[in-house]
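Asker: Below is the structure I would like to discuss, written out as structure tokens.
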Amino acid sequence: MKTLSDLFTHQLKDLYSVEVQLLEVLPDIVEHANDKLLKQAIENHWEETKEQKDRIESICHN
């Protein structure tokens, strides 16, 4: 990486990858959770993760 722009792009790609991976595994985690409040917290986190992924996509397409 030679510029701050390169670093920013690299970091966005990493963040996007994390969000996508979380979206894949969080439903399985909810399925295995036993506590109702824990399930709700994970489902809320899944929704937030979807929004974060969408924001990153929006940044990358502008």
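Asker: Which of (1) assigned to a helix (DSSP H, G or I); (2) out of contact with any Asp or Glu (no Cβ under 9 Å at 6 or more places or on another chain) is the odd one out, the single condition Asn34 does not satisfy?
Answerer: So the condition that Asn34 fails would be (1).
Asker: While we're here: Between residues in the stretch 42-58 that are closer than 13 Å to Lys13 by Cα and residues that are outside any helix (DSSP H, G or I), which pairs lie under 7 Å by C-beta distance while being six or more apart or on different chains?
Answerer: Going by the 7 Å Cβ cut-off, there are no qualifying pairs.
To keep it simple, each residue is scored yes or no on (1) surrounded by fewer than 10 Cβ atoms within 10 Å (Cβ to Cβ); (2) within 17 Å of the chain's Cα centre (by Cα); (3) not polar (S, T, N, Q).
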site: Thr3; (1), (2), (3): yes, no, no
site: Thr9; (1), (2), (3): no, yes, no
site: Lys13; (1), (2), (3): no, yes, yes
site: Tyr16; (1), (2), (3): no, yes, yes
site: Ala33; (1), (2), (3): no, no, yes
site: Leu37; (1), (2), (3): yes, no, yes
site: Ile42; (1), (2), (3): no, yes, yes
site: Lys50; (1), (2), (3): no, yes, yes
site: Glu57; (1), (2), (3): no, yes, yes
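Computed from the coordinates by the stated procedures, all read-outs in this text should not be read as laboratory data. What you see is a predicted model; the values in this text were computed from it and never measured. Cβ: placed from backbone, ideal geometry, glycine included. Neighbour counts: every protein chain shown.
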